[in-house]
1. On a C-alpha basis, how far is the centre of the stretch 43-85 from the centre of the stretch 247-263 in Å? Whole number, if you could?
2. Pull out the extension gain between Arg186 and Tyr305, defined as 0.36 nm times the separation in residues minus the alpha carbon to alpha carbon distance; nm, one decimal.
3. Fewest to most neighbouring Cβ within 10 Å: what's the order for Trp301, Trp99?
4. Pulled fully out, how much extra length does the chain show between Arg281 and Phe37, if you take 0.36 nm times their separation in residues and subtract their Cα-Cα distance?
5. Please give the contour-minus-distance gain from Asn251 to Thr373: 0.36 nm per residue of separation, less the Cα-Cα distance, rounded to one decimal in nm.
6. Just grab the label-to-label distance for Phe385 and Gln46, each label 7 Å out from Cα along the Cβ direction, in nm (one decimal).
7. Please sort through the DSSP H helices of the chain and keep those with an alpha-carbon extent of at least 20 Å along the long axis and a Kyte-Doolittle average not below -0.5.
8. Which of Met150, Met118 comes first, and how do the rest follow, when ranked by fewest Cβ neighbours within 10 Å?
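The numbers here are math on the coordinates, done by the rules we state, and not lab data. Model, not experiment: these values are computed from the prediction. Because the Cβ atoms are built from the backbone with ideal geometry, glycine has one as well, and the counts that use them run over all protein chains shown.
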Amino acid sequence: MVRLPWHIPAILAVTTFIHYLDRNNLAIILPELARSFGWSDREVGQYGEWILGAFYVSFGLTQIFLSPYAERWGLRRSLLASVVGFSVVTLLFYPLGKWVPAIVLLRFLLGAAESVHMPTNSAIVSRYFPPSHWARANSVYVGGILAALMAGPWIIIPLAERLGWRATFLVLGSAGLLVSVPLILRFIPSEDAGRLSPLHPPAISWREALKGYGAPQPIFFWLYVTAGAANAFCIFGMLNWLPSYLHRYHNIPFDALSGPLFSVFLAGIVGLFGWAFLGDRMGQRLPLAAVGLFLAGICVWLTAYTKSTSIILGLLVLGVFFQSSYNAQEFATLQSMVWAHRVGAASGLYNGLTVLIGGVGGSFIPGTLITITGSFPMAILSIAFGAWMVSLCLTLLWYLQTKSLSRLPRV
């Protein structure tokens, strides 16, 4: 039996954990930032959508264009460059965070610096693990995302209370340089170590990209991108606006947000590994995710029919649990659609487009609803429609794939 290098996705999980602390810190701190600037609810929506959305614009666009070159340049080198880049940008929030335009610019630069991180993770896992283990191996480093979402409030809110929100960024930026960089240098092999190949895949062309990187059915690739964009809208809509929703609509004090946010994102990490196990064992990734997102939409929609904070939190916990069914299968499904030597580039195109569309949408659509109506519940309800869109796309994709397989000649 071949011994699989599970320490590699574990190290990637640590780097991803710090990555997401740096990415999501502003959403958590937004209520405190709004208080320091004296913003009303409508101003939170107006300024917040730009502060939050700037990240996703650069993250999506840069990822699409840089991922193929990052794969050619070298996976470990690209991973290191990304970690150093987003850590330095996070440090710069301390001296420059006094002005809203500077915050928007730094968020834009942060998105560019973090852009190739996840595609690089995907490429590394796809080359070290067989397809039968992809969902579980991917879930290890994706678990770093949910761990950051779960632990982030417990780390960031106390730091902001004691040090101020700008000084908190000093601590978070230092973590990438002092923790992630040494771990990558020690435990992630360079491409000439004999396991990662090919060393320098040929350059990608846009014609090849638009054909789904040589996938037998490009329409499957693009339908999956559509599902991913709707899923990203759900994820980032919830990440960006849930802290402000709980603080300003349900009057939960800023220093008491850690517990509610922890419970919501704990459900996501539990669901992630449970759904990943089922996906690998059953081999039915698309139906599992389609059902999960349909149920997630119902849970979010039901929050409109109660004003009880505890019941709403319970529904959001269930919703995030069901939504994680997509995250558990996400990159394993993508990796099965494209050629092995194109996983990094394809992941960059997929992740870039989904974040660009869904991330920007998850910032601006809820923010615009808040600006127009002054209602945070309206912003949260928009996420239910995104979840049902994911379910519809995945169901259609599963149907088309099943129909395509039924047409193959029997041997």
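1. First find each Cα centre; the distance between them is then 29 Å.
2. So the extension gain works out to 37.6 nm.
3. Ranked by crowding around the Cβ, least crowded first: Trp99, Trp301.
4. Gain in length upon complete extension: 82.7 nm.
5. 42.1 nm
6. 2.4 nm
7. Sorted by number, the helices that extend far enough and score high enough are 7-37, 41-73, 75-91, 100-114, 134-163, 218-244, 258-282, 285-302, 309-335, 376-406.
8. Sorted ascending by nearby Cβ count, the order is Met150, Met118.
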